[in-house]
Amino acid sequence: LITGTMGVTGSFSADNDLDLATEITLGSATGTSGTDDIASTVTGFATSGAIGDGNISLSSFASVTDLYTIGGWQLDLSSMSITDQTASTLSMGGTGLLSGNGFDATNVFWTFSGNATGSSYSMTLTAVPVPAAVWLFGSGLLGLVGVARRKIS
């Protein structure tokens, strides 16, 4: 599984003023930083990416396959929620899947921050290691079992 983070910048356009937009389209994607497994393909230089689908619906989100590919990494988006949408900024985040470079596909958290002034964005991807996710899920289940046993007694 993939470990690490990736920083991305680029340009985007919206189908309306940013506060009324229902869809954005990425115009470019450049990897600017990376850690752990991602570092060797992205860090130290700007790595240009290829836009795949590039469209994100803000009003009725549907998963996006191949949003972009950078340094051999492909990003798919599976969920999205908007945290701020004004005339000058758009902030959102969600979950997705990062794959490529011989690694198994790995779940990621992603955040997006865009501005209307220059129609530029920055995006951060953070791989979610499965062992930690399994540990967290397992500890939650154990807690629920404990609560259920306490109510039965």
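Before moving on, here are some points about what is shown:
- Yes/no for residue 41 being of a type in the set (S, T, N, Q) and either at pLDDT 95 or above or farther than 24 Å from residue 129 by Cβ (or both): no
- Here residue 116 clears all of (1) modelled with pLDDT under 95; (2) crowded, with 19+ Cβ neighbours inside 10 Å; (3) of a type in the set (A, V, I, L, M, F, W, C) except the condition numbered (2).
- Residues located in segment 95-113, provided they are surrounded by 15 or more Cβ atoms within 10 Å (Cβ to Cβ), at negative phi and small (Gly, Ala, Ser): 96, 99, 113
- Check on residue 11, among the hydroxyl-bearing types (Ser, Thr, Tyr) and surrounded by 17 or more Cβ atoms within 10 Å (Cβ to Cβ): no
- Selected residue (only one of 75, 20, 67, 26 is surrounded by 14 or more Cβ atoms within 10 Å (Cβ to Cβ) and within 19 Å of residue 116 (Cβ to Cβ)): 26
- Note on segment 85-94: among residues that are under 17 Å from residue 10 (Cα atoms) and touching a helix residue (DSSP H, G or I) at 6+ places or on another chain (Cβ under 9 Å), the one that is surrounded by the most Cβ atoms within 10 Å (Cβ to Cβ) is 90.
- Scanning segment 1-28 for residues that are assigned to a loop (DSSP other than H, G, I, E, B) and either of a type outside the set (A, V, I, L, M, F, W, C) or over 18 Å from residue 88 (Cβ atoms) (or both) gives 1, 2, 3, 4, 15, 16, 17, 22, 27, 28.
- Comparison of 12, 61 shows that the only residue that is over 19 Å from residue 107 (Cβ atoms) and of a type in the set (Phe, Trp, Tyr) is 12.
- When 82, 56 are screened for being modelled with pLDDT of 95 or more and surrounded by fewer than 17 Cβ atoms within 10 Å (Cβ to Cβ), only 82 passes.
The values are calculated or read from the model by the stated rules, or taken from the named source; none is laboratory data. Here the structure is a predicted model, which is why all the values come from computation and not from measurement. Counting neighbours? That spans all protein chains shown, and the Cβs are built from the backbone with ideal geometry, glycine included.
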